[in-house]
Amino acid sequence: MPYHHRRVLVFQRTAALASVAQAAQTILFGPESGAQPGKGKIMTVARITEISSVSEKSFQDAIVQGVERANKTLKNVKGAWVKDQEVTIDNGKLTGYKVILKVTFILSD
C-alpha cells in the first residue's frame with residue numbers, strides 16, 4: 001500500500017476516534033453541556049476489580065455475599081456482573097457455589 005494511502009487511513013481512524021470521544025462526552029454530560037475535557041467539567045472515572053465469592057446455598061447467595069463484602073471495602077460501588085460461576089464437589093456431592101464477580105466502583109479524589 002502506498003504511503004499516502006496509509007496516511008489517509010490513519011487520518012480516517014483518528015477522525016473516527018474523535019467522533020467516538022465526542023459521542024461519549026455527550027452521553028456523559030448531555031448534549032447541551034458543551035463539555036470539553038479540561039474545561040472545568042467533572043469527569044467520572046471508574047475502576048473494575050475482580051472478586052470471588054462462595055456459598056453453600058446457591059449462586060444467588062454467593063452473588064449477594066460478594067456484593068455485600070465489596071461494599072464493606074470499596075467506596076462508591078455502582079455495579080457488578082458475573083464473569084464466571086462454578087460448583088465445588090466433594091465425594092460426589094455438591095458442596096459449594098462459586099462466582100467470580102467484576103465489581104465496578106467510582107474513584108474519588
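The numbers here are math on the coordinates, done by the rules we state, and not lab data. Bear in mind that the values here come from a model prediction, so they are computed numbers and not experimental data. So basically every Cβ, Gly included, is an ideal-geometry build from the backbone, and we count neighbours across all protein chains shown.
Per-structure values
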{"item": "Protection-proxy order for peptides 43-49, 99-105, 76-82, each taking the mean of Cβ atoms within 10 Å per residue, highest first", "result": "99-105, 76-82, 43-49"}
{"item": "Contour minus Cα-Cα distance for K78 and L94 (0.36 nm per residue)", "result": "2.6 nm"}
{"item": "Debye intensity ratio in log₁₀ form over the Cα atoms of region 46-106, taken at each q of 0.24 Å⁻¹", "result": "-0.88"}
{"item": "Spatially close lysines, pair count over region 46-106: Cα under 17 Å, gap of eight or more or interchain", "result": "7"}
{"item": "Highest-first arrangement of 58-64, 92-98, where packing means the average Cβ count within 10 Å", "result": "58-64, 92-98"}
{"item": "Region 46-106: relative contact order as a whole-number percent, Cα under 8 Å and 6+ apart", "result": "49"}
